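Student: I'd like to ask you about the structure that follows.
The values are calculated or read from the model by the stated rules, or taken from the named source; none is laboratory data. Computed from a predicted structure; not experimentally measured. No Cβ is skipped: glycine too gets one built from the backbone with ideal geometry, and neighbour counts run over all protein chains shown. Heavy atoms of the whole protein, side chains included, go into the accessibility calculation; ligands, DNA and RNA do not. Shrake-Rupley method; radii C 1.70, N 1.55, O 1.52, S 1.80 Å.
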Amino acid sequence: VQLQASGGGLVQTGGSLRLSCAPSGSILSFNAMGWYRQAPGKQRVLVATISLNDSTYYRDSVKGRFTASRDNAENTVNLQMNSLKPEDTAVYYCVAWPPRTTDPIWGWGTQVTVSS
């Protein structure tokens with residue numbers, strides 16, 4: 001399974017970006033999908049997840065600004081990022097959890113840069 005992430009880019013503070021993740025298989029084959037990010041010199045952290053029943057998780061620093069969603073018709077999982085801040089600058093990685101495993105599958109990262 002491969003995960004193709006897209007939608008990163010350069011945006012000013014307060015702007016918006018929408019990340020998309022398209023797996024080579026069906027998004028319905030995963031218990032959950034989500035996004036990690038890694039800022040320069042920092043550890044990789046979990047940003048958001050969305051499960052098959054559409055329950056979501058967000059790290060505190062993005063609550064109210066980021067929204068994860070699934071588009072079953074397009075077979076994508078998306079992360080709408082609003083009110084972006086310079087501290088959101090990072091490489092964002094799409095991940096997916098197959099059934100009966102705690103280790104996610106990792107996709108290639110996409111760079112998000114928020115200028116002040």
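Student: Of all residues being of a type in the set (Ser, Thr, Tyr) and more than 11 Å from the chain's Cα centre (by Cα) in region 1-17, which is farthest from residue 85 (Cα to Cα)? Just the residue, please.
Tutor: Top of the filtered list is 16.
Student: Let me ask another. Considering only residues that are part of a loop (DSSP other than H, G, I, E, B) and under 24 Å from residue 24 (Cβ atoms), which ones fall in region 42-79? Working first, answer last.
Tutor: To start, the set of residues in region 42-79 that are part of a loop (DSSP other than H, G, I, E, B) comprises 42-44, 52-55, 59, 63-65, 72-75.
Matches in region 42-79: 44, 52, 53, 54, 72, 73, 74, 75.
Student: Right, here's the next one. When you scan region 12-21, do you find a residue that is touching a residue at least 40 places away in the same chain (Cβ under 8 Å), within 14 Å of residue 111 (Cβ to Cβ) and not in a loop (DSSP other than H, G, I, E, B), even just one? Don't jump to the end; show me each part of the working.
Tutor: Here is the first cut: in region 12-21, the ones touching a residue at least 40 places away in the same chain (Cβ under 8 Å) are 12-21.
Right, trim to within 14 Å of residue 111 (Cβ to Cβ) and you get 17, 19.
Narrowing the set further to residues that are not in a loop (DSSP other than H, G, I, E, B) leaves 17, 19.
Yes, the conditions are met somewhere in region 12-21.
Student: From the set of residues in region 18-45 that are under 12 Å from residue 90 (Cβ atoms) and surrounded by 12 or more Cβ atoms within 10 Å (Cβ to Cβ), which is nearest to the chain's Cα centre (by Cα)?
Tutor: For region 18-45, the residue satisfying everything is 35.
Student: Turning to a different aspect of this structure: For residues in region 51-96 being among the aliphatic types (A, V, I, L, M) and open to solvent by 50 Å² or more (accessible area, probe 1.4 Å), which is nearest to residue 21 (Cα to Cα)?
Tutor: To start, the set of residues in region 51-96 that are among the aliphatic types (A, V, I, L, M) comprises 52, 62, 68, 73, 77, 79, 81, 84, 90-91, 95-96.
If we keep only those that are open to solvent by 50 Å² or more (accessible area, probe 1.4 Å) as well, we get 52, 73.
Numbers: 52: 15, 73: 13 Å.
So the residue we want is 73.
Student: Does residue 3 satisfy the condition of being touching a Pro at 6+ places or on another chain (Cβ under 8 Å), under 17 Å from residue 106 (Cα atoms) and open to solvent by less than 30 Å² (accessible area, probe 1.4 Å)?
Tutor: When the stated conditions are applied, residue 3 passes them.
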